[in-house]
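See below for the structure under consideration.
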Amino acid sequence: MISVKQALSIIEKFKYSIGTEYIAPNKALGRIVSENVLSKTDNPPFNMSAMDGYAVCNKPFNRVYKVVGEIFAGRSMSRKKILKNEAVRVYTGSKLPQGATTVIIQEKTKVLDNNFILYTNNCLKIGQYVRKKGLDFKKNKTIIKKGKILSARDLALLISANCKKIKVFKKPKISILSTGDELIFSEKVKKDSNIFASSLYMLESLIQLSFSECNYKTIVKDDKNKIKKELSKATKSDIIITTGGVSVGKKDLIRSSLIELGYKEKFWKITMRPGKPLLFGILKSKPVFSLPGNPVSTYVCFFIFIFPFLIRVLKLKNNYYKKIAKLTNNIKFISKRESYLRGFFCKKNNENFVKCLSNQDSSLLNMLATSNCLIKIPGKKKYSKNMFVEIILFPPLF
Ligand code: AMP
Ligand code: MG
């Protein structure tokens, strides 16, 4: 058995990259940019009115203007230029004609007749209510830096910059095989001895939240031939995750199946609770993570080992949110192994507190869903109320 630290370092030494691809910005939410993106245009692309009013030329502004045209947003005027003492009726977003430097808002003008307006105040500055060409950004400027996870706001920026394709890291495609004779899909009708394969769906969601994609998921019976067949199929994905059947029971057939398929074992079993039987190896050049079947073990193993691996494949920084917090209760649970306990973190008067949840059995989904962090404690040591512990907060939606 190896420690969590050793296991993490073995995974980290496995260098894995799955390349980049070009995609349209409207398909790029949550994708990670693999090279700096340059704007293809100035924005705004022309001098534009910021208000409804009249575009005019230079100072002094207080005078009578002849209204020589009207420009709506998206239109232009046949007359390209305006002169001193001339004004053009414009609206928010209208493209200003040549010579127009300033917009007088309509509320400040007096219409003398159809063709003339009067503006008597002279506190207007040149350039007022005009959004100048390139005010937002200029052409050929870096608008998004390499490594950024694209937000809805970034997509708007890319589209306004006329970027048709951007280079992003490919999404790791992951197969999930949940093994166990008792398991059924969520939409199936449960018989007596059936268990819903809840971890299968939890993993699928966690993969999605880790900027990756589950491209195949299935339930496999505890039958070596079936497991081997599904494992071989799964090597079409970039990464394989299995759940269940990885311990030492009679029906735990994952490891022997992998061995028969000629996989290269990196490690099996770690001094960790939950998650002891975790296995990591390489099958036909694809990384395989085999997680124990109890849902909490599956979750903790994904969070501690697979999430950082995916983050590294995508060249992101690990954004684990680690904190030190004061225990609000005694931890009754002592193990020889490093433990990752379900906790509930809260802040009071600017101080961090964490409660260790009462039951730490690795099958308890209710406890897992109630928790918002893991309390990491080294083996053997006893922890009681008011002592400080290390916690890892779950990222949003995890
Ligand atoms: P195993 O690791 O195969 O010994 O499974 C340990 C426990 O986890 C058993 O009670 C299984 O029924 C349960 N289990 C295994 N796989 C899943 C799954 N995908 N979803 C929910 N529970 C599971
Ligand atoms: Mg099983």
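The values are calculated or read from the model by the stated rules, or taken from the named source; none is laboratory data. No experiment lies behind these values; they were computed from the predicted model shown. For neighbour counting, all protein chains shown are included, and Cβ atoms are generated from backbone atoms with ideal geometry for every residue, glycine included.
Okay, residues lined up against (1) over 18 Å from residue 64 (Cα atoms); (2) modelled with pLDDT of 95 or more; (3) not in a helix (DSSP H, G or I):
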position: 121; (1), (2), (3): no, no, yes
position: 124; (1), (2), (3): no, no, yes
position: 127; (1), (2), (3): yes, yes, yes
position: 133; (1), (2), (3): yes, yes, yes
position: 140; (1), (2), (3): yes, yes, yes
position: 143; (1), (2), (3): yes, yes, yes
position: 146; (1), (2), (3): yes, yes, yes
position: 155; (1), (2), (3): yes, yes, no
> If you go through region 289-308 one residue at a time, how many are within 13 Å of residue 269 (Cα to Cα) and in a loop (DSSP other than H, G, I, E, B)?
Replying inline: 1
>> List the strands (runs of 3 or more DSSP E) inside region 164-274, counting only whole elements, that have at least 3 residues being within 16 Å of ligand 2 (Cβ to nearest atom) and β-branched (Val, Ile, Thr).
In response: 213-220, 239-243
> Does region 367-383 include one or more residues that are touching a residue at least 60 places away in the same chain (Cβ under 8 Å) and polar (S, T, N, Q)?
Replying inline: no
>> Going through 257, 205, 186, 193 one at a time, which residue ends up being under 20 Å from residue 304 (Cα atoms), within 14 Å of ligand 1 (Cβ to nearest atom) and not aliphatic (A, V, I, L, M)?
In response: 205
>> Of all residues being free of Cβ contacts under 8 Å to residues at least 60 places away in the same chain and away from ligand 1 (no atom under 12 Å from the Cβ) in region 275-316, which is surrounded by the fewest Cβ atoms within 10 Å (Cβ to Cβ)? Just the residue, please.
In response: 285
